[in-house]
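Here is the structure we will look at, set down as C-alpha cells.
The values are calculated or read from the model by the stated rules, or taken from the named source; none is laboratory data. What you see is a predicted model, and the numbers here were worked out from it, not measured in a lab. Neighbour counts run over all protein chains shown; Cβ positions are idealised from the backbone, glycine included. Just the protein is used for accessible areas: all its heavy atoms, side chains included, with ligands, DNA and RNA removed. Shrake-Rupley method; radii C 1.70, N 1.55, O 1.52, S 1.80 Å.
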Amino acid sequence: MAELQITFPDGRVQNYPQGTTALDILKEIGGRLKKEALAVKINDHLYDLSQPLTEGGTIEFITFDSKEGKEIFWHSSAHIMAHAVKEVFPQAKFAFGPPVEEGFYYDIGLEQSITPDDLEKIEAKMLEIVKSGRPFERMELSVDEALKLFKERNEDFKVEQIERLGEPPSVYKEGGFIDLCRGPHLPSTAFVKYFKLLSIAGAYWLGDEKNPMLQRIYGISFPKKQKLEDYLHRLEEAKKRDHRRLGRELDLFSIQEETGPGLVLWHPKGAFIRHKIEEFWKERHLADGYDFVNSPHIARKSLWNTSGHLDFFSENMYSPMEVDEQEYLVKPMNCPFHLLIYKSKTRSYRDLPYRWAELGTVYRYERSGVLHGLMRVRGFTQDDAHIFCRPDQLDDEVMRLIEFSTGMLSAFGFDDIDVYLSTRPEKYVGALENWERATEALRNGLEKAGVAYEIDPGEGGFYGPKIDIKIRDSIGRSWQCSTIQVDFNEPERFDISYIGRDGEKHQPIMIHRALLGSLERFFGVLIEHYAGAFPVWLAPVQVHVIPITDKQHEHAHHVHEKLVQNNIRSVLDDRSEKVGYKIREAETQKIPYMLILGDKEIESNTVSVRKRREGDQGSFELSAFIQMIRDKANEKSLS
C-alpha cells in the first residue's frame, strides 16, 4: 500500500498508509491538541479531520485560535442554524451561510417573517442538534447527482448555484440535513457548545435588487462560555457607543429626509471636531513635505473614460448631467484631477517626488440597504494624497507612507493596528509585470518599516495592489482605515511623464493614499472609540463653568471670559438650576472639565475643578488650570 510522508511542525517525519485520517494521527499524538483541533492543513490545503488523506507533506492542525479555525467553527455553526431553521420552518429554502469577520449568517427564503421570538425557538432546536453530537459527513457528487438531490429537496437557490458553478460540488450531511458546501467542517455538532442568534436583516439573493428578498439571520458561537459572555458584553458596550445615537445626543451631525440618505449635515459641535481633525491633518502633511491641491466636484464624461472608472466603477457613479451639450459626471474619486495637474507642464526627474494632498469631497452610489450612519454614506470627504515618484524612489516612498500613516493614527489613539498586503484581483487592468513590481515594492516597504502584515489574496484595487491598515478601537473592533496603493496603470492611461537624466521621457509611478479613509467614517469611528467623550484637544467644549448660586454669576462670567481669551472652549451655565443637575448634564454632554464656583472660590481666587468621570480634582489657581488645559491641547494628550 502507498504511504504518505507527513512532516510535523517540530520537523519530525513519519510515514502513514494512504487513506489515513487526521483523526488517526491525533489519536497517536494525544494531549490538548486532540481536544482542540477542528481541521487539518497539509501543504496549505484544508481537510476535515475525518477526511482520508491523499497527499503527504507538512501538517498543521487548525484550532479556534487561528483565523481559519474561526471560519470553520462559524461556518459549521451556520449549518447547524440552517438545520434548526428547517426544523422550525420546514418550508424554508436556503441561499448562502458563510462565516464573517465575527460570527456567521444564513440567508433564508421564507414567505413569513422571522421574528425575535422565532430566534429563541431556533436556538432551542440548535441546542438539540449540538447535544446530539452528530458528525458532519462529506459527500462528493457529480453535477447531475447534486442537481437531482437539491431539486428533490426544493432548494431552488442551491440548484441555481450548482448550475452557475457548473462543476462537481461537495455536499455535507448532518443528521437529516444536507447542504451544499466546499468545507471543511467541524468533526461533529458537539463542538459548537456556546452560541447566540443576534439579529435579523434583509438581503437580496446574490446582492441584486432585482432578485428575491431573503431574510438573513446573524449569529455568533464559541468553544468556551467565557468567550461568548465577553463577546455579548462587548456588543452591549457597542450599543452604548453607537455613533448614530451619540450623534443625536451630543448634537454632532444628522442625516435628514430632505437631503436624502447617506448625505451628512455637520452640526456646529461636529463641524468643530472636523475642523480640529483637518487642522491637525494639514499641519502633519506640511511637516512631511506635502503640497495641497484642490479639484472640482464634476468633470466631463471623457475624463472618466480616460481614467477607466466608467469601465470598472460605473455602478457606483451617479448618472450624467448635460452642460453645454456635453455630458458631465459627479466625481467618485479625486485621482484623475491630480493626474491632470501633473500633466499641465513638463516635469523633470529632479522635481520628483511630488506629494499632493487634498481633502476632496466625492460622491458614490451605495444601495440604501448598506447605508449606515457615518460609516457608509453617499457623499464623503476623502483625505486623499497622490505621490508621483521615480522607480528608484518607490520603496522609500512606500516605507515613508507607512510610517506617516501609523504615526498619524497613533495621534488619535489608534496604536493597535492590523496590516494587510492586498494582491491582484480577478478583474484588473495593466501589465502583469507591473503588478508584480508594485506588489514587491509594497512588500519591501512593509519589511523596511518593520511592520508585521498578512497577505489578503485578490483584494487589491482594479488598478493596483495595496496596503490596507485596519485600526482596533477601545473595545477591540476592527475598522478599515488607511490604504496605500501603487498604480502603474493610471500614469499610462493619462500618458504622464518626466524628463530623465538621459533627456528622454519616462513614466512616473503613482501612489494613491487615503490615511483616515474619509472624514465622515473616521469621525464615526472616533465617536465610538471614545464613546463621545473626546480628549481635550478634540472636545468641542473643554470646560463647563458652573456658579453654585446667583451670587457667583459675575465672577463666573469673569472666569468664562478669561478662559475664552486663552483659546479655551468654555460654556457658562448660569441657569437657575441646582448644581447637581448642572453637573449631571455636563457629564451627559461629555465635557472634559467642570469649574464649580462658590463663595469659597471667590474668596481664595481659585476654581474648584471636576473632571469628567473622575469627580473632584481639588482647587486650582485659574492661571494654573488654564496652563494645564493649554498643555493638554497642544500636546494632543489623549487622557
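Some observations on this one:
- For the range 323-476, the per residue solvent-accessible surface stands at 42 Å², with DNA, RNA and ligands left out and a 1.4 Å probe.
- Of the Cα atoms belonging to the range 127-282, the radius of gyration and Dmax stand at 23.3, 64 Å.
- For the range 163-247: accessible area per residue (Å², 1.4 Å): 52 Å²
- Centre separation in Å (Cα based) which lies between the range 165-182 and the range 1-75: 22 Å
- Ignoring aspartates and glutamates fewer than eight residues from Lys193 along the same chain, the ones with Cα atoms less than 17 angstrom from its Cα are Glu36, Asp65, Glu71, Glu102, Glu120, Glu123, Glu128, Glu174, Glu229, Asp230.
- Both radii come from the Cα set of the range 1-151: Rg as radius of gyration, Rh as Kirkwood radius; their ratio Rg/Rh reads 1.04.
- DSSP-assigned coil residues among GluC sites (Glu not before Pro) in the range 522-621, each with at most 13 further Cβ atoms within 10 Å: Glu577, Glu614
- When +1 charges are put on Lys and Arg Cβ atoms and -1 charges on Asp and Glu Cβ atoms, the dipole computed for the range 231-339 relative to its Cα centre reaches about 640 debye.
- Here the range 391-489 exposes an accessible surface that is 44 percent carbon and sulfur, computed with a 1.4 Å probe and the other protein chains kept in place.
- Take the Cβ atoms of Lys301 and Leu371, set R0 to 35 Å, and the FRET efficiency comes out at 0.85.
- Theoretical ellipticity at 222 nm over the chain - DSSP helices of four or more residues, -39500 (n - 2.57) apiece, nearest 500: -11000 deg cm²/dmol
- On Cα atoms only, tilt of 553-565 relative to the major axis of the chain in degrees: 70 degrees
- Leading residue at positive end of dipole, the range 438-547 (Cβ point charges), from Gln542, Ala441, Gln507: Gln542
- Axis of helix 156-165 versus longest Cα principal axis of the chain: the two differ by about 80°, to the nearest ten degrees.
- Nearest-20 debye value, the range 33-155 charge dipole, Cβ charges on Lys, Arg, Asp, Glu: 340 debye
- Values of log10 I(q)/I(0), in the order q = 0.14, 0.15, 0.20, 0.23 Å⁻¹, for the range 536-606 under a Debye, Cα-only, solvent-free model: -0.39, -0.45, -0.79, -1.02
- Two-decimal log10 I(q)/I(0) for the range 599-639, as the Debye equation yields it once each C-alpha is a single scatterer, q = 0.18, 0.31 Å⁻¹: -0.57, -1.06
- Calculated P(r) of the range 495-639 - Cα pairs past 17 Å, %: 66 percent
- Accessible surface of the range 504-607, 1.4 Å probe, proportion on carbon and sulfur as whole %: 48 percent
- Where trypsin sites (Lys or Arg not before Pro) fall in DSSP loop in the range 1-88, at most 16 other Cβ within 10 Å: Arg12
- FRET efficiency for Asp495 and Asp208, using Cβ-Cβ distance with R0 set to 35 Å, rounded to 0.05: 0.40
- Inter-centroid distance (Cα atoms) of the range 396-463 relative to the range 582-639, Å: 44 Å
- Solvent-accessible heavy-atom area per residue, rounded to whole Å², over the range 1-101 at 1.4 Å: 48 Å²
- For the chain: span of alpha carbons on each principal axis (Å, largest first): 95, 73, 59
- Inter-site label distance for Glu454 and Glu258 at 7 Å from Cα along Cβ, in nm: 4.6 nm
- With a simple spin-label model that places each label point 7 Å from the Cα along the Cα-to-Cβ direction, the separation between His506 and Phe313 comes to 2.8 nm.
- For the range 447-571, Kirkwood radius (reciprocal of mean inverse C-alpha pair distance, Å): 19.7 Å
- Farthest toward positive dipole pole in the range 251-319 [+1 Lys/Arg, -1 Asp/Glu at C-beta], among Phe312, Val293, Ala271: Val293
- For the range 217-372, the convex hull spanned by the alpha carbon atoms encloses 235 Å³ per residue.
- Relative pair counts by distance (%), Cα atoms of the range 185-235, 5 Å bins: 5, 18, 18, 16, 14, 15, 11, 5, 0
- Note on the chain: with charges restricted to the Cβ of Lys and Arg (+1) and Asp and Glu (-1), its dipole about the Cα centre is near 1120 debye.
- Additional length obtainable on full extension of the chain from Gln565 to Glu101, 0.36 nm per residue less Cα span: 162.1 nm
- Cβ crowding within 10 Å averaged over residues, with 507-519, 96-108, 249-261, 363-375 ranked highest first: 507-519, 96-108, 363-375, 249-261
- Surface share of carbon and sulfur [accessible, 1.4 angstrom probe, percent] for the range 10-75: 50 percent
- Remark: spin-label model distance Leu340-Arg32 equals 6.1 nm, labels positioned 7 Å along the Cα→Cβ axis.
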